[in-house]
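> Here it is: the structure, laid out below.
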Amino acid sequence: MFTIKADNRILTQDAQFSYLYTNYASGVSSIVVTNATSFVDNCYILFEAIGNEAAEIVKVSTVTQATNTLTLDTTTKFSHAESSRITIIPYNRVKFYHTATSTFAATELIGYVNVNPAEIYSIGTDSTNSTGYGWFVFYNSTGATTSDESNPVPYTGFSEDSVSILVERIYGVLSDSQRKVITQDEALGWINEGYSKVTDELNLVTREITVSDEISISVTSGTSEYALATRFSDLVYVRTYDASNTSNTTELEEIALRDIPDYIRSGSGLTMKYYLRMDAGITYLGLVPIPWESTTLKYRYRMKADVLDSFSDILGLPNSAFYAVRDFCLSKAYAKVADPRYNISKQEYLEGIKGMKETSVKRTSTLDAWDISDEAWV
């Protein structure tokens, strides 16, 4: 049996809310809030916070703005204290789907559940399929509206270097109370930040891990600059290319922008050189002198970290770097909840960066040790 988890905390992100005006026992059919401006007839409201044992979702039948009174469709199950938060949520159910491929299809419904706000996750199960992908959408049973579909969840499990596994390892060391205040959107933001920082550090010491495939540039006569790939970080090389004679290739030399005027004044028959320039976040490869004929160049570059937005996305990093991202994210999480383990995670992140660099340099230079050479004068 395969289970799919929907994070209920998504329902309260950027949501409007108010507070109870007074104490209420269980079994009430109307409540007064401090401000009912954002509430409308037939909306759903959440008492307390997701993960609270007294949390419950109730439909509002009518709203009386003059007295800030909400008349409920059903009576409440729990008592709630004055100043408890009342949050407007857009959905009250979760629908679960299965597809054979990673393309979503709303026709493949396998079931639904009511959102259980006392738990962080709403759980769906599939006892029929053992392969394929699981999905969920949140659903409003009154207005028949749905949220966007989730990311696909592979039945065979996520890769060990995937975003999903990293999220699990972050939440796995947090307490129940800490997990409640850290959303998956926050965790994903920290993962992207850490992934970017670790990739930048990796790019400083190696060209073999984050290097791109070889890419072609179609050079046009009279055009001197060409936009490079969006994930461009640093150039590995740029070379000439002749399809009729592939062995006839020359690597271009770089020229500093300040040296271009003198180079052009130096005379005719100049060898083509290149420079790099950035404008509005786009990196351009410039050619000197301006090309006088159409040709093809090929280049490789070191890549910036890609944006991770799906649980199935892979962190394209060596194993040790994966754990450095984890420690970076934990330091962010501990800082938010004022956990003293922040300093430990921050130090482990820095040690992970250091170890990653040493490993990468050794791999690149085939070094066996970092000992001082016997021939060195020290």
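The values are calculated or read from the model by the stated rules, or taken from the named source; none is laboratory data. All of these numbers come straight from a predicted model, not from anything done at the bench. So basically every Cβ, Gly included, is an ideal-geometry build from the backbone, and we count neighbours across all protein chains shown.
> So, in segment 48-69, of the ones that are in contact (Cβ under 8 Å) with a residue 60 or more places away in the chain and within 20 Å of Y139 (Cβ to Cβ), which residue ends up surrounded by the fewest Cβ atoms within 10 Å (Cβ to Cβ)?
K59
> Is there any pair with a first residue in segment 9-22 that is in the same structural domain as L46 (by TED's automatic domain parsing) and a second that is of a type in the set (D, E) and in a loop (DSSP other than H, G, I, E, B) whose Cβ atoms are under 6 Å apart and which are 6 or more apart or on different chains, and what are they?
L20/E82; T22/E82
> Also, I was wondering about something else. Before we move on, is Y112 surrounded by fewer than 20 Cβ atoms within 10 Å (Cβ to Cβ), without any contact (Cβ under 8 Å) to a residue 40 or more places away in the chain and touching a helix residue (DSSP H, G or I) at 6+ places or on another chain (Cβ under 8 Å)?
no
> Looking only at residues in segment 116-152 that are β-branched (V, I, T) and in contact with a Ser or Thr (Cβ under 8 Å, 6 or more places away or on another chain), which one is surrounded by the fewest Cβ atoms within 10 Å (Cβ to Cβ)?
This residue is T131.
> Since T107 meets every condition but one in (1) crowded, with 17+ Cβ neighbours inside 10 Å; (2) without any contact (Cβ under 8 Å) to a residue 40 or more places away in the chain; (3) more than 27 Å from the chain's Cα centre (by Cα), which condition does it not meet?
With respect to (1) crowded, with 17+ Cβ neighbours inside 10 Å; (2) without any contact (Cβ under 8 Å) to a residue 40 or more places away in the chain; (3) more than 27 Å from the chain's Cα centre (by Cα), T107 is out only on (1).
> Going residue by residue through segment 4-16, is there one that turns out to be of a type in the set (G, A, S) and either at pLDDT 95 or above or touching an Asp or Glu at 6+ places or on another chain (Cβ under 8 Å) (or both)?
Scanning segment 4-16 turns up no residue that is of a type in the set (G, A, S) and either at pLDDT 95 or above or touching an Asp or Glu at 6+ places or on another chain (Cβ under 8 Å) (or both).
> Follow-up. Quick check on L188: is it more than 30 Å from K298 (Cα to Cα), assigned to a helix (DSSP H, G or I) and of a type in the set (A, V, I, L, M, F, W, C)?
yes
Conditions tested, residue by residue: (1) at pLDDT below 90; (2) more than 25 Å from V153 (Cβ to Cβ).
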{"residue": "K180", "(1), (2)": "yes, no"}
{"residue": "I209", "(1), (2)": "yes, yes"}
{"residue": "V219", "(1), (2)": "no, yes"}
{"residue": "T223", "(1), (2)": "no, yes"}
{"residue": "A227", "(1), (2)": "no, yes"}
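> Here is a further query. Only one of (1) in contact with a helix residue (DSSP H, G or I) (Cβ under 7 Å, 6 or more places away or on another chain); (2) on the phi > 0 side of the Ramachandran plot is not met by G157, so which one is it?
Every listed condition holds for G157 apart from (1).
> While we're looking at this one, here's another question. If I filter segment 21-42 down to residues being within 36 Å of the chain's Cα centre (by Cα) and crowded, with 19+ Cβ neighbours inside 10 Å, which single residue comes out as nearest to Y139 (Cα to Cα)?
Per the stated criteria, the residue is F39.
> Can you name the strands (runs of 3 or more DSSP E) wholly within segment 21-87 that have at least 3 residues being under 20 Å from S122 (Cα atoms) and not polar (S, T, N, Q)?
Answer list for segment 21-87: 44-47, 56-64.
> Considering every residue within segment 184-196, establish whether at least one is surrounded by 16 or more Cβ atoms within 10 Å (Cβ to Cβ), among the aromatic types (F, W, Y), in contact with a Lys or Arg (Cβ under 7 Å, 6 or more places away or on another chain) and not assigned by TED's automatic domain parsing to the domain that holds K332.
Checked segment 184-196: no residue is surrounded by 16 or more Cβ atoms within 10 Å (Cβ to Cβ), among the aromatic types (F, W, Y), in contact with a Lys or Arg (Cβ under 7 Å, 6 or more places away or on another chain) and not assigned by TED's automatic domain parsing to the domain that holds K332.
> Sticking with this one: Give Y44, Y91 a once-over and let me know the one that is within 30 Å of T156 (Cβ to Cβ) and among the aromatic types (F, W, Y).
Y91
> Now, a different point. Could you tell me which of the residues S159, S177, S164 is part of a helix (DSSP H, G or I), within 18 Å of the chain's Cα centre (by Cα) and of a type outside the set (A, V, I, L, M)?
S164
> Tell me which residues, restricted to segment 70-95, are of a type in the set (A, V, I, L, M), surrounded by 21 or more Cβ atoms within 10 Å (Cβ to Cβ) and either on the phi > 0 side of the Ramachandran plot or within 29 Å of the chain's Cα centre (by Cα) (or both).
Matches in segment 70-95: I89, V94.
> Sticking with this structure for a sec: Quick check on this structure: which one of S164, S150, S175, S159 is under 30 Å from A338 (Cα atoms) and in contact (Cβ under 8 Å) with a residue 12 or more places away in the chain?
Sole residue among the options that is under 30 Å from A338 (Cα atoms) and in contact (Cβ under 8 Å) with a residue 12 or more places away in the chain: S164.
> Same structure, new question: Looking only at segment 289-342, which residues are small (G, A, S) and either buried (at least 18 other Cβ atoms within 10 Å of the Cβ) or over 15 Å from the mean Cα position of the chain (by Cα) (or both)?
S294, A305, S320, A321, A324, S331, A333, A335, A338, listed by residue number.
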